[in-house]
1. Under 23 Å Cα to Cα from residue 210, which lysines show up? Leave out anything in the same chain fewer than 8 places away.
2. What ranking, highest mean first, results for peptides 230-243, 153-166 when packing means the other Cβ atoms within 10 Å averaged over each residue?
3. In region 224-342, carbon and sulfur make up what percent of the accessible area (probe 1.4 Å)?
4. Farthest toward the dipole's positive end in region 1-201, which of 87, 162, 180, given Cβ charges of +1 (Lys, Arg) and -1 (Asp, Glu) about the Cα centre?
5. Could you work out, for region 259-326, what percent of all Cα-Cα pairs fall into each 5 Å distance bin, beginning at 0 Å and stopping at the bin that holds the largest distance?
6. Using θ = phi - 60° and the Karplus curve 6.51 cos²θ - 1.76 cosθ + 1.60, what whole-Hz ³J(HN,Hα) does each residue of region 117-130 get, with Gly and Pro shown as x?
7. Which of the aspartates and glutamates could a cross-linker span from residue 112 if the Cα-Cα distance has to be under 18 Å and same-chain partners fewer than 8 positions apart are dropped?
8. Under the Kirkwood approximation applied to all pairs of distinct alpha-carbon atoms, what is the hydrodynamic radius of region 187-270 in Å?
Amino acid sequence: MDHSADAHRTDLMTITRFVLNEQSKHPESRGDFTILLSHIVLGCKFVCSAVSKAGLAKLIGLAGETNVQGEEQKKLDVLSNEVFIKALISSGRTCILVSEEDEEAIIVEPSKRGKYCVCFDPLDGSSNIDCGVSIGTIFGVYALKDVHEPTIEDVLLPGKNMVAAGYCMYGSSCTLVLSTGAGVNGFTLDPSLGEFILTHPNIKIPKKGKIYSVNEGNAKNWDRPTATYVEKCKFPEDGSSPKSLRYIGSMVADVHRTLLYGGIFLYPADKKSPNGKLRVLYEVFPMSFLMEQAGGQSFTGKERALDLVPTKLHERSPIFLGSYDDVEEIKALYAAAEGEQE
């Protein structure tokens, strides 16, 4: 790669330009989604900046203490939540917001309402901030079919009804991965321009991967299909090489690696968490949407993840997502276990 030539590229595909290009393919579009997305992007830039200063803020006594104005400094996840809520409401394009940080859904006041419902986790993996591990923001977007008084029923829909999903990862670089239902594209924040530039066009996950990603510390509580699958990853019966284990413990980082390199990410149900640990609306659905758009699969142990119909806002579900062939294997093991029970 010629970096000197790269540094002087003049034709930059920014995320705004990219979304406007997509918009022009839909003549009926009024630009509402483009406006919504620009507000999500602004939220991501703010959080990226705050995350990168987190260690310093602690050193000079900011987090959790009172500042000169007598205001208490907010923890990063609370701060990120407020930033996204304010950015989304001020776009004038949303009607319901569901955040991991808030028990109840936020119904936007009528004067600022639009047709989109956004479910998001403002800072996923925030317990990892202090050790420098990548963390991120995850979001999924639904659109109201008609104009009516919004209720939480408008977001308790299967993931396949989402019109867009994405995540922004705050790591060695700030990367935003987005799908509007026509493939997956990755953008990287260029700090000198303050713009997200298209760096990973049309991401496709390899059909089969060499990596499995799971918290093996929960192994004693797993069900048989999961235990059998992980055993096969380590001791393949067909004479092939064992898979490598990579587990960061931050969903955005683990899914990002899975998307780019292939393999499978598992967070199964177990005796301790019979419904799994990850939340359906703002973790399972957006990541499953991206995986399918990139040519992979996502499965709950019972069904295709995007077919699941949630009954409450913070519902949890087991999840197996990644390369098509790898997820096929785990599906076969669950099908066999179900066959034995009947």
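The values are calculated or read from the model by the stated rules, or taken from the named source; none is laboratory data. If you're wondering where the values come from, they're calculated on a predicted model, not measured in any experiment. We place every Cβ from the backbone using ideal geometry, glycine too, and count neighbours over all the protein chains shown. SASA here: full protein model, heavy atoms, side chains in, ligands and nucleic acids out. Shrake-Rupley method; radii C 1.70, N 1.55, O 1.52, S 1.80 Å.
1. Hits, sequence-local ones excluded: 232, 234, 243, 331.
2. Ranking, from highest mean packing down: 153-166, 230-243.
3. Details: 2580 of 5200 Å².
Heavy-atom surface of region 224-342 belonging to carbon and sulfur, 1.4 Å probe: 50 percent.
4. Going by the charge dipole, the pick is 180.
5. Percent of Cα pairs in each bin: 4, 20, 30, 25, 14, 6, 1.
6. Karplus values, whole Hz, x for Gly and Pro: 10, 10, 10, 8, 10, x, 8, 7, x, 4, 5, 8, 4, 5.
7. Counting by Cα, and skipping residues close in sequence, residue 112 has these aspartates and glutamates nearby: 32, 82, 146, 149, 154.
8. Details: mean 1/r = 0.0680 Å⁻¹.
Evaluated on region 187-270, it is 14.7 Å.
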